[in-house]
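S.K.: Just passing along the structure, written as structure tokens.
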Amino acid sequence: MSLPDFSLSGRRALVTGASGGLGRHFAGVLARAGATVVLAARRAEALADAVEELRAEGLQAHAVAMDVTDEASVAAAFAAAEQVLGAPLDLLVNNAGVAGEGFAHEITVAGWDQVVDTNLKGPWLVSREFVQRLLPQALPGVVIHISSILGQRVAQSVSAYCASKAGLLHLTEAQALEWSRHGIRVNAMAPGYIETDLNREFFQSEPGLRLIKRMTARRLGRAEELDGALLLLASPAGSFINGSVITVDGAHLCSSL
């Protein structure tokens, strides 16, 4: 019996929100597994740094500017990626997201729109463009939406974030239902609290340390602890996983109310 195939050799992957944090990390994971990666984000300088870092390892990496909330920007980014690669992208990681803050009665319309447009409308726009370029050529593909445990359970003062991430999980199932017949798999990953450069300072503060003490594992997750789930969903090893969500949270969701 052969071992599962986690190789991404020959794959052409796009990662959104890839200028830093988990997006930049995911791009590196896919590239080291053999994929040619296209890093997409709005911050051009940070994107260039990320691509240079990957190329220094001998990996295949490119950058495209993309605002996931803007239809024209998304289309232009895909066109630019295809021009560089000479073929359509066949692996998408929808990672771009923002948290937002404020209780439900305090959030402004602009604040709500920023969160929901980035976290829910954005993945829909990007995955729609992705699939529209595969279907005419009858090409298979893989979509991985990065949701959150706050799409499965809620916390205070981030209602827009919770709503958008919950919507992303339903979008995952709806797209899997529609696109499975075309050989396109759509799944989601729901990370718990993962340490990144963006949240490290908070989790070293008194409120952050109190939150860690309430976590089942009594610690934050590490970015590399998401790698196995990402590669399973992206690779032939997960060929019959479709319309699913993999939660990676150190049993945080198992804690009692």
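The values are calculated or read from the model by the stated rules, or taken from the named source; none is laboratory data. Every value quoted in this text rests on a predicted model; they were computed, and no experiment measured them. Here Cβ is always computed from backbone atoms with ideal geometry, including for glycine, and neighbour counts include all displayed protein chains.
S.K.: So A99 passes all but one of these: (1) in contact with a helix residue (DSSP H, G or I) (Cβ under 7 Å, 6 or more places away or on another chain); (2) free of Cβ contacts under 8 Å to residues at least 12 places away in the same chain. Which condition number does it fail?
M.R.: Against the list (1) in contact with a helix residue (DSSP H, G or I) (Cβ under 7 Å, 6 or more places away or on another chain); (2) free of Cβ contacts under 8 Å to residues at least 12 places away in the same chain, A99 comes up short only on (2).
S.K.: For D113, all conditions in the list (1) under 25 Å from Y193 (Cα atoms); (2) in contact (Cβ under 8 Å) with a residue 40 or more places away in the chain; (3) of a type outside the set (K, R) hold save one; what is the number of the exception?
M.R.: (2)
S.K.: With respect to S164, determine if the residue is at pLDDT below 95 and either in contact with a Phe, Trp or Tyr (Cβ under 9 Å, 6 or more places away or on another chain) or of a type outside the set (A, V, I, L, M, F, W, C) (or both). Before you say what the answer is, go through the steps one by one.
M.R.: Working: at pLDDT below 95: no; either in contact with a Phe, Trp or Tyr (Cβ under 9 Å, 6 or more places away or on another chain) or of a type outside the set (A, V, I, L, M, F, W, C) (or both): yes.
No.
S.K.: Okay, moving on. Of all the residues that make up region 189-224, how many are free of Cβ contacts under 8 Å to residues at least 40 places away in the same chain and either outside any helix (DSSP H, G or I) or β-branched (V, I, T) (or both)?
M.R.: The number of residues fulfilling the criteria is 12.
S.K.: Only one residue in Q204, Q137, Q114, Q175 is over 24 Å from G20 (Cα atoms) and either among the hydroxyl-bearing types (S, T, Y) or surrounded by fewer than 17 Cβ atoms within 10 Å (Cβ to Cβ) (or both), so which one is that?
M.R.: Answer to the check: Q137.
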